[in-house]
Amino acid sequence: MLSRAPALGRAAWRWFRAFRRTRPFWGAAWLVLGGWTVLKFSLGSLQLVVETGFGAVAGYLTGGGMILCGLIPLVDPRQRYTFGLIGAVLAVVSLVVSNLGGFVVGMLLGVLGSSMMVGWGPKRPRRRERRADAGGGTGAGGGTGAALAEPALAEAD
């Protein structure tokens, strides 16, 4: 039973590594952390929230919105532009509506994460993998290498 544990750990790590490489993982992580920070510094008693009105609820909405904008591209990476831009807007808005955006830390983490999410692109295949796809290299029966000159984009669908 104990001998299977390291193999399961390696398999779990391989799955997580493949998951992380096919999604804007680090951008989403920073955006969720920024949203959590904004949400944490917006917390107050229920009586205070009800008495204050929209001013108190806005912190919950911006922090929760930032968290959602970080989690959605993990499920569907094609939506990274839309939710990255919405997350950046919410992070900047949190500066005004929520204790200076989680005392500026949450806002900065949100802007960093959303910019990383928008700038993320699918992982390109390595040169060795492209060579195998081109027809086995430049040997006797191989191609001319023209396929190597054009970068192959592996779009995650």
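Details
- Output for segment 57-76, where each listed residue is at pLDDT below 90 and either open to solvent by less than 20 Å² (accessible area, probe 1.4 Å) or under 15 Å from TRP120 (Cα atoms) (or both): ALA58, GLY59
- Of the residues making up segment 77-103, those that are open to solvent by 10 Å² or more (accessible area, probe 1.4 Å) and among the small types (Gly, Ala, Ser) number 1.
- Test result for GLY27, free of Cβ contacts under 8 Å to residues at least 40 places away in the same chain and more than 19 Å from VAL104 (Cβ to Cβ): no
- Residue within segment 81-92 that is in contact (Cβ under 8 Å) with a residue 24 or more places away in the chain, among the aromatic types (Phe, Trp, Tyr), over 13 Å from GLY65 (Cα atoms) and touching a helix residue (DSSP H, G or I) at 6+ places or on another chain (Cβ under 7 Å) present: yes
- The set of residues in segment 6-42 being of a type in the set (Val, Ile, Thr) and under 21 Å from PRO77 (Cβ atoms) consists of THR22, VAL32.
- For SER45, the conditions (1) closer than 26 Å to PHE103 by Cα; (2) touching a helix residue (DSSP H, G or I) at 6+ places or on another chain (Cβ under 8 Å) are fulfilled apart from (2).
- Residue in segment 24-37 that is closer than 21 Å to GLY119 by Cα, of a type outside the set (D, E, K, R), at pLDDT 90 or above and not in a helix (DSSP H, G or I) present: yes
- Qualifying residue in segment 115-136 (condition: closer than 24 Å to LEU39 by Cβ, exposed (fewer than 15 other Cβ atoms within 10 Å of the Cβ) and either out of contact with any Pro (no Cβ under 6 Å at 6 or more places or on another chain) or modelled with pLDDT of 70 or more (or both)): no
- Contact map, segment 46-70: residues that are without any contact (Cβ under 8 Å) to a residue 24 or more places away in the chain paired with residues that are small (Gly, Ala, Ser), Cβ distance under 7 Å, separation 6+ or inter-chain. Pairs shown: LEU48/ALA56; VAL49/ALA56; ALA56/GLY44; TYR60/SER42.
The values are calculated or read from the model by the stated rules, or taken from the named source; none is laboratory data. Quantities reported herein were computed from a predicted structural model and do not represent experimental measurements. Heads up, the Cβs are rebuilt from the backbone with ideal geometry, glycines too, and the neighbour counts pull from every protein chain shown. Accessible surface areas use protein heavy atoms only, side chains included; no ligands, DNA or RNA. Shrake-Rupley method; radii C 1.70, N 1.55, O 1.52, S 1.80 Å.
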